[in-house]
Amino acid sequence: MKKVLVVDDEKNIQVSLASILEDEGYHTFFASSGEEAVEKIANINPDAVLLDIWLPGIDGLETLDRILTLDPSQIVIMISGHGSITTAVRAVKIGAYDFLEKPLSLDKVIFVLKRGLEHKQVLEENIKLRSMLEKQSGKVEREPEDPGRKRESSGVLTFDYTDPDVSRPQRTVRESGIFYGIGLHSGQKTGMVIKPLPLGKGIRFENISEKGYVPARVEYLDSTNHATSVKKDRLEARTIEHLMAALHAFGITNLAIKINKEVPIGDGSASAFCDFIRSSGVVDQEGFIPEVVIDRPLVVGEESPEGRYIRVDPADRFEVHYTLIYPKPLGRIFHHFVLNSPESFEKEIAPARTYGFVHEMNELSQLGLAEGGRMNNFILIDKGEVINTKLRFPDELARHKILDIMGDFYLLGRPIRGRITAQRTGHADNARMVNLIREKFL
């Protein structure tokens, strides 16, 4: 039975929480002050803590700091009837898992508590699994190849001959690996296993409970509503764009990715995926894949100074110029990126995090989305100001849009040689351009 410590000086809150928690099968303990809470943490070792901000003696934030000093992995959910966004941000920066406002929705309390305990379990399992994987290594199975050009059921092309001037080595990972986390939109515990694949198999998503796979190709694009998803029959893979961007940067062309419907969000950027790929190793295979060479301009949208559009032009490399336009104080934000190497991506683009606005978070929550959003895995903006973190770059928002473009464009299944110019666009615009490129060049 999981143990939950409720720290609140209001008896009616203690009674209400005890009733619902015990009905859900939790063993409940109480403390009425911060000092008492710290003492009980050491004695009962709870699985989670519900901690009020306003307490007699040491306040909730100081109590939070002391609890996490004793047990850095403790799941602490802050509660308050007089909180503010500033207080919530400070609590999360100290290390709180989440923040709930009074009057408490008991259903919400149970939902967040279960999610927090799952998160703790994920971290513990991740440590164990990584330890196990250090003793193992994945092997790439070689399959006989037919001569010439063929199209497999996955839609992946293999070539007997390619022009070396406009082709790249096919690549996979050296060994299998496991990555755990939380799904951004589902809010559910999710994991990811990557496995090497033989030459010409492409990138594919598999499900832990269903047979088959979904090719990471634009032909299987299912949704671009706040994230990119692919689907084939009953199989689907959601929120794939950050991982796909990292695979694009590293030139990975053959890989099996096993998930439970949604790719973990990490810290909202692609940095963790880059580290994961490096730890798994990258190997060149005995074959090449041709680039998609842009030889004439294509435009989607209204190409004007304030318009929303995306354009591709011929170039001798892959590069992206992106411009955001928001009301002041955000204003016009832009960044230009040239993919010279995985290292350039890791330095300039991968660290850029997902961002959103306070009013959007409320709307997404009503739609059942962004349930995995935390104060520490996205940039939250209110009235033109970032309120929960410090930007990693002055133009981080534009860099993140480039990250999304790199992920979405890799659904072509091949590297691209061309210059992308985009302004005020999102996943849906990227998808329209990718489909247009496929129609005109493939």
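Tabulated data for the structure shown
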| item | result |
| --- | --- |
| Answer from 138, 148 - the residue that is loosely packed, with under 15 Cβ neighbours inside 10 Å, at pLDDT below 60 and either closer than 30 Å to residue 36 by Cα or not aromatic (Phe, Trp, Tyr) (or both) | 148 |
| Candidates 95, 116 - the one that is under 22 Å from residue 267 (Cβ atoms) and in contact (Cβ under 8 Å) with a residue 40 or more places away in the chain | 116 |
| Filtered residues of segment 199-219 (kept if assigned to a loop (DSSP other than H, G, I, E, B) and in contact (Cβ under 8 Å) with a residue 60 or more places away in the chain) | 199, 200, 202, 216, 217 |
| Any hit, segment 240-250, residues being without any contact (Cβ under 8 Å) to a residue 40 or more places away in the chain and either assigned to a loop (DSSP other than H, G, I, E, B) or touching a Gly at 6+ places or on another chain (Cβ under 7 Å) (or both) | no |
| Matching entry among 249, 270, 216 (being touching a His at 6+ places or on another chain (Cβ under 7 Å) and modelled with pLDDT of 95 or more) | 270 |
| Strands (runs of 3 or more DSSP E) (entirely within segment 314-431) containing at least 1 residues that are among the aromatic types (Phe, Trp, Tyr) and modelled with pLDDT of 95 or more | 318-325, 332-338 |
| Any hit, segment 66-75, residues being in contact with a strand residue (DSSP E or B) (Cβ under 7 Å, 6 or more places away or on another chain), at pLDDT below 90 and more than 17 Å from residue 106 (Cβ to Cβ) | no |
| Filter result for residue 339 (under 25 Å from the mean Cα position of the chain (by Cα), among the hydrophobic types (A, V, I, L, M, F, W, C) and over 21 Å from residue 296 (Cα atoms)) | no |
| Hey, residue 62 surrounded by fewer than 18 Cβ atoms within 10 Å (Cβ to Cβ) and either at pLDDT below 90 or farther than 30 Å from residue 358 by Cα (or both) or not | no |
| Single match in 227, 272 (criterion: assigned to a loop (DSSP other than H, G, I, E, B), in the same structural domain as residue 194 (by TED's automatic domain parsing) and either out of contact with any Cys (no Cβ under 9 Å at 6 or more places or on another chain) or crowded, with 18+ Cβ neighbours inside 10 Å (or both)) | 227 |
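The values are calculated or read from the model by the stated rules, or taken from the named source; none is laboratory data. Owing to the predicted nature of the structure, the values given are computational and were not obtained by experimental measurement. Note that we place each Cβ from the backbone using ideal geometry, even for glycine, and neighbour counts take in every protein chain shown.
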